[in-house]
């Protein structure tokens, strides 16, 4: 009977077996074990036949993380887990033990102190000579129409054994990192990390203070800020460095509350939309109305200094928003890379591993969705709350802080 199950798993998994050659045999054995444990001598044969009939009705998967991959018991368990995730509304109490300490924030590159001087005094570096982020060559910053061509790799480096030899390759083209040149062409771009430089391009500001909701003659404004919010930004390269082009926010239930494109500051031109990653195109960005200053004012309706923000590599989102905020949960730190800092695991890999779903799967012409990524980050934290005990050290620290 195992052979019958195996044959039908082979048919079901035909599109994913080349990259997962042992999947059919492993799942056939596990499925037979499930049937055996739930049946007796009289019912075993019919139970296997019923299991095969249900296998035939499953849609064929296009990846190993597809919902139809697994034994019947595993599919049921995943669905129950999904229901638990969906029903969990994350509150401040869930997240207090997971907040980053100020030392953690410093170590991971969060900006926690206001840079010196007036912000936004030099938003555009057109005409300046900068180092290209892609090819490391010096170039003169120019607007899109005059942008020089750059030959580069857009993928990350990874290690792989080839003919017994360990090689460093690029994920974009699988070419060795030792080779010169690149695999795609585009404009030269620059990327700044120095807080002072970022402040000169567009001023930083702290997230607003909570409003006192006690009735008074001087104020009738009720604070609408959320207890918990997951946030994600999409970014583009400009003549003023990397800038925010889209901002999305979801609340503790995963419901979208804010999603806006961001118009560039006056004088700043977009050099590369990096649609492959940002999902932002010239056509949809042309609809952007509000500049970053106005976007930040709009976000004040949802975020104050007491709001706990959830994000993946959240320091990057806060930098591009020019927001200084101290109550943060970062899934890139919550789910650490095995090599330790400064390495971070990709959001899509964590989602695939822990939630069994695919995100950022639209391909190079579609790119990411900041709404999808915000929800995925929130779901990762939900999964963590349901499956990971809070470390005693963190609990003691939270209690010591009076939280």
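List of remarks:
- When residue 15 is tested against the conditions (1) at pLDDT below 95; (2) farther than 28 Å from residue 353 by Cα; (3) surrounded by fewer than 15 Cβ atoms within 10 Å (Cβ to Cβ), the lone failure is (2).
- Qualifying residue in the stretch 26-38 (condition: outside any helix (DSSP H, G or I) and either closer than 26 Å to residue 357 by Cβ or outside the structural domain of residue 356 (by TED's automatic domain parsing) (or both)): no
- Residue 83 falls short of the stated requirement of being over 23 Å from residue 377 (Cα atoms) and surrounded by fewer than 17 Cβ atoms within 10 Å (Cβ to Cβ).
- Some residue of the stretch 97-108 being under 18 Å from residue 313 (Cα atoms) and in contact with a strand residue (DSSP E or B) (Cβ under 6 Å, 6 or more places away or on another chain): yes
- Members of the stretch 258-287 that are out of contact with any strand residue (DSSP E or B) (no Cβ under 7 Å at 6 or more places or on another chain) and either closer than 15 Å to residue 320 by Cβ or part of a strand (DSSP E or B) (or both): 277
- Reported count of residues in the stretch 325-346, each being out of contact with any strand residue (DSSP E or B) (no Cβ under 8 Å at 6 or more places or on another chain), over 30 Å from residue 200 (Cβ atoms) and surrounded by 21 or more Cβ atoms within 10 Å (Cβ to Cβ), is 0.
- Checking each residue in the stretch 271-297 for being surrounded by 14 or more Cβ atoms within 10 Å (Cβ to Cβ), under 23 Å from the mean Cα position of the chain (by Cα) and over 30 Å from residue 209 (Cβ atoms) picks out 272, 273, 274, 275, 276, 277, 278, 279, 280, 284, 285.
- The requirement of being in contact (Cβ under 8 Å) with a residue 60 or more places away in the chain, touching a strand residue (DSSP E or B) at 6+ places or on another chain (Cβ under 8 Å), at positive phi and surrounded by 20 or more Cβ atoms within 10 Å (Cβ to Cβ) is satisfied by residue 322.
- Which numbered condition residue 42 fails, given (1) more than 28 Å from residue 309 (Cα to Cα); (2) surrounded by 12 or more Cβ atoms within 10 Å (Cβ to Cβ): (2)
- Taking the stretch 306-342 as the range and being closer than 18 Å to residue 247 by Cα and assigned to a loop (DSSP other than H, G, I, E, B) as the test, the residues that pass are 307, 312, 313, 322, 325.
- Across the stretch 45-65, the number of residues qualifying as closer than 17 Å to residue 8 by Cβ and touching a residue at least 40 places away in the same chain (Cβ under 8 Å) comes to 9.
- Cross-chain or 6+ apart pairs with Cβ under 9 Å, the stretch 92-107 first and exposed (fewer than 13 other Cβ atoms within 10 Å of the Cβ), then at pLDDT 95 or above and outside any helix (DSSP H, G or I): 102/110; 102/112; 102/326
- Filter pass, residue 21 being in contact with a helix residue (DSSP H, G or I) (Cβ under 9 Å, 6 or more places away or on another chain) and not assigned by TED's automatic domain parsing to the domain that holds residue 377: no
The values are calculated or read from the model by the stated rules, or taken from the named source; none is laboratory data. Keep in mind the model is a prediction, meaning the values are calculated, not measured. Don't worry about glycine lacking a Cβ; one is built from the backbone with ideal geometry, like all the others, and counts go over all protein chains shown.
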